[in-house]
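Shown next, in structure tokens, is the structure this report addresses.
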Amino acid sequence: MNYLFAIVIPYAAAIIFLIGIVWRVVRWAKAPVPFRIPTTCGQQKSLPWIQSSRLDNPHSTSGVVGRMALEILFFRSLFRNTKADLKLGPWFVYGSARWLWLGAMVFHWSLLIILLRHLRFFTEPEPALVSLLQSLDGFFQFGLPVLFATDLLLAAALAFLFLRRLIDRKLRYISLAADYFPLLMLGAIAATGVLMRHIYKVDLRQVKEYAMNLARLNPSVPQDVGVLFYVHLALVCVLIAYFPFSKLVHMGGIFLSPTRNLANNSRARRHINPWDYDVKVHTYEEYEDEFRPVMIAAGLPVEKNERIEAKDAD
Ligand code: HEM
């Protein structure tokens, strides 16, 4: 069983992840994008005396990079989120909805820091950035081992994101199992991690040796690391294998999304569809020529009627 959980399942999950991501990227790359289709919400670049919006309607690569960076690092479009509500009256009211932005920021940043901190298990010597993150994250200096701020923040953000789906009736209606599952998985991974750190401690030297051997493709089964470590690892493996087939793949998808990664230079450059070919069409004129007597007999309006045609003939 140790061999299965320590070696077979982690490698199987990694292989499924890699194949799944390649499959996804190939599918995205195969989708034809003949024209510029960026989403925009600002003035497009046109005449020099009309002020254009460099970020909300980027016309150059630097604008695209700027918009993408603000989106990926700070979820800029989510910051402008609005929600519509039916209030007593009845009035249909739009309001700003920044809680989701805050929850998403706290969740994603905490997760990133936790994952970067985990690099300490896979590297020797530990990179300076990882040590720095550890000391900054443990600034509370509360208890031993030190309590990490990101653990608390991640738990709070996950609880918020989960409860928001349950409590808001509209959101509950549109939520699927695929929306709850990743939140529950991450919650379970974080819970087992925190338990391991603070209550049922594991031998971290053993974990480090195991993780480094696994990364070097020279796997070994760790001795006496406790069942909780295997639960933590198995949950991580399920999440990794599930990743490419779920909504979590937005992490890579955002970079390949043509509505985000293209500059809107349609007025400056003519984009010709490279797949353009002559299509055999049947125009309305031809259609009417074919069916005019039948259409007139059925009382359908026609564009060219017989009398005009007769006059034309004269
Ligand atoms: C999706 C990936 C993962 C997530 C979200 C995650 C999350 C967490 C969290 C929140 C903790 C609590 C303590 C802390 O923040 O450091 C933790 C601890 C821990 N995790 Fe993970 N983990 C992941 C992957 C892994 C992997 C692949 C390993 C195997 C090497 C691992 C081994 C551990 C160990 C040994 C601890 C206890 C650390 C300590 O006692 O300081 N985790 N994990």
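Some points to look at:
- C237 meets all of the listed conditions (1) open to solvent by 60 Å² or more (accessible area, probe 1.4 Å); (2) closer than 30 Å to E71 by Cα but one, namely (1).
- Test: residue in segment 192-203 that is part of a helix (DSSP H, G or I) and more than 9 Å from the ligand (Cβ to nearest atom): no
- The residue list F139, F148, F160 contains one member that is within 12 Å of the ligand (Cβ to nearest atom), over 23 Å from F5 (Cα atoms) and among the aromatic types (F, W, Y), which is F148.
- Number of residues in segment 138-150 that are open to solvent by less than 30 Å² (accessible area, probe 1.4 Å), farther than 21 Å from R205 by Cβ and not β-branched (V, I, T): the value is 1.
- Number of positions in segment 5-55 that are open to solvent by 50 Å² or more (accessible area, probe 1.4 Å), free of Cβ contacts under 8 Å to residues at least 12 places away in the same chain, of a type outside the set (A, V, I, L, M) and not in a helix (DSSP H, G or I): 3
- Given (1) within 20 Å of the chain's Cα centre (by Cα); (2) more than 9 Å from the ligand (Cβ to nearest atom); (3) surrounded by 14 or more Cβ atoms within 10 Å (Cβ to Cβ), number of the condition M185 does not satisfy: (2)
- Check on R98, more than 16 Å from the ligand (Cβ to nearest atom) and either under 18 Å from the mean Cα position of the chain (by Cα) or closer than 29 Å to Y210 by Cα (or both): no
The values are calculated or read from the model by the stated rules, or taken from the named source; none is laboratory data. Quantities reported herein were computed from a predicted structural model and do not represent experimental measurements. Every residue, glycine among them, receives a Cβ derived from its backbone with ideal geometry; neighbour counts consider all protein chains shown. Accessible surface areas use protein heavy atoms only, side chains included; no ligands, DNA or RNA. Shrake-Rupley method; radii C 1.70, N 1.55, O 1.52, S 1.80 Å.
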